Amino acid sequence: MKTLSDTWFMIVRQARNLMREPIWIALILVQPMVWLILYGQLFKNVTRLGGFGTGSYITFLAPAIVVMNAFFGATWSGMSMIYDLDHKIVERFLATPGSRLAIVLSQIVRSALTAAIQAIIILLVSLALGVRVHTGGLGWLVIILAAILVNGAFAGLSQGIALLTRREASMIAVANFIGLPLLFLSTTMIARAQMPGWMQTAARFNPVDWGVKAAREVVLPGTSWATVGLYLALLLGLTAVTSAWATWTFRAYQRSL
């Protein structure tokens, strides 16, 4: 219970920091809106190639944009840890009786909650653009859960990298190295049938694609709940692994002090 209460305290602290600069709330939504609106219009005729499961490209794209936004937000979440390290904030918390585990978990949970809020906003904009979730309210919950799990999985990875490198330049380099390859080795923008064979194979092992498949499955007709459950379970397992790794790297950081 102490870990949970301390984690919540840390999350509230980080939320207050964000609210002091509300411009960031708007800026973090600019990129997904650009992808959703501009790409949705630019490639609206690509569904004629077949394999998309719908004639509306924006319907195909919307759930993937939710997951993509959660993924990119997660890869950059380690920057907040580096800020706290650079300004000796983590060291000050270590001098308190607060839970050490909460310092890391709060960063992961805060990033996942941010992804959930952004997911709701993106879905509302998609609704205004004519996107309809085939499975209704339950489908909305699945999409939001997919965003949370994708974000949590990569936020754990990002926090671990931040604690190992402790440098902004290294964090930026790793985030860029991970981000774009995983994006394009997924079905975020294109149907699997239209991808080269080797990319189709790579996508099967890509956690970003797991999230995209789970989210898209509930939007398009013919939903397979077994498929949705499988991908969400895989993401949950990966989140547990990366969170444990982030905790291990934090302990390594403590030993270095």
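Here the range 93-116 is the region considered, the condition is being among the small types (Gly, Ala, Ser) and not in a helix (DSSP H, G or I), and the residue that is farthest from Thr247 (Cα to Cα) is Ala95.
Selection of the range 226-236 for residues being touching a helix residue (DSSP H, G or I) at 6+ places or on another chain (Cβ under 9 Å) and either touching a residue at least 60 places away in the same chain (Cβ under 8 Å) or more than 16 Å from Pro63 (Cα to Cα) (or both) yields Val228, Gly229, Leu230, Tyr231, Leu232, Leu234, Leu235, Leu236.
Considering only the range 156-174, I want to know if a residue exists there that is modelled with pLDDT of 90 or more, assigned to a loop (DSSP other than H, G, I, E, B) and of a type outside the set (D, E, K, R). Among the residues of the range 156-174, not one is modelled with pLDDT of 90 or more, assigned to a loop (DSSP other than H, G, I, E, B) and of a type outside the set (D, E, K, R), which makes the answer no. Of the residues in the range 33-49, none is within 15 Å of the chain's Cα centre (by Cα), crowded, with 23+ Cβ neighbours inside 10 Å and part of a helix (DSSP H, G or I). For the range 216-226, the criterion of being part of a loop (DSSP other than H, G, I, E, B), among the hydroxyl-bearing types (Ser, Thr, Tyr) and surrounded by 22 or more Cβ atoms within 10 Å (Cβ to Cβ) is satisfied by no residue at all. Output yes when any residue across the range 197-213 is under 18 Å from Val131 (Cα atoms) and touching an Asp or Glu at 6+ places or on another chain (Cβ under 7 Å), and no when none is. Checked the range 197-213: no residue is under 18 Å from Val131 (Cα atoms) and touching an Asp or Glu at 6+ places or on another chain (Cβ under 7 Å).
None of Thr242, Thr247 is farther than 20 Å from Ala119 by Cβ and among the β-branched types (Val, Ile, Thr) except Thr247. Which condition does Val66 not pass, out of (1) in a loop (DSSP other than H, G, I, E, B); (2) touching a helix residue (DSSP H, G or I) at 6+ places or on another chain (Cβ under 6 Å), if it passes all the others? With (1) in a loop (DSSP other than H, G, I, E, B); (2) touching a helix residue (DSSP H, G or I) at 6+ places or on another chain (Cβ under 6 Å) applied to Val66, the lone miss is (1). Annotation: Thr239 fulfils all but one of (1) within 17 Å of Ala64 (Cα to Cα); (2) within 17 Å of the chain's Cα centre (by Cα); the unmet one is (1). So is Ala155 of a type in the set (Gly, Ala, Ser) and crowded, with 18+ Cβ neighbours inside 10 Å or not? Judged against the criteria, Ala155 is a match.
Annotation: of all residues in the range 93-122 being among the hydrophobic types (A, V, I, L, M, F, W, C) and over 15 Å from the mean Cα position of the chain (by Cα), the one that is surrounded by the most Cβ atoms within 10 Å (Cβ to Cβ) is Val104.
The values are calculated or read from the model by the stated rules, or taken from the named source; none is laboratory data. The structure presented is a predicted model; accordingly, all values stated were derived computationally and were not measured. Cβ coordinates were reconstructed from backbone atoms using ideal geometry, including for glycine residues, and neighbour counts include every protein chain displayed.
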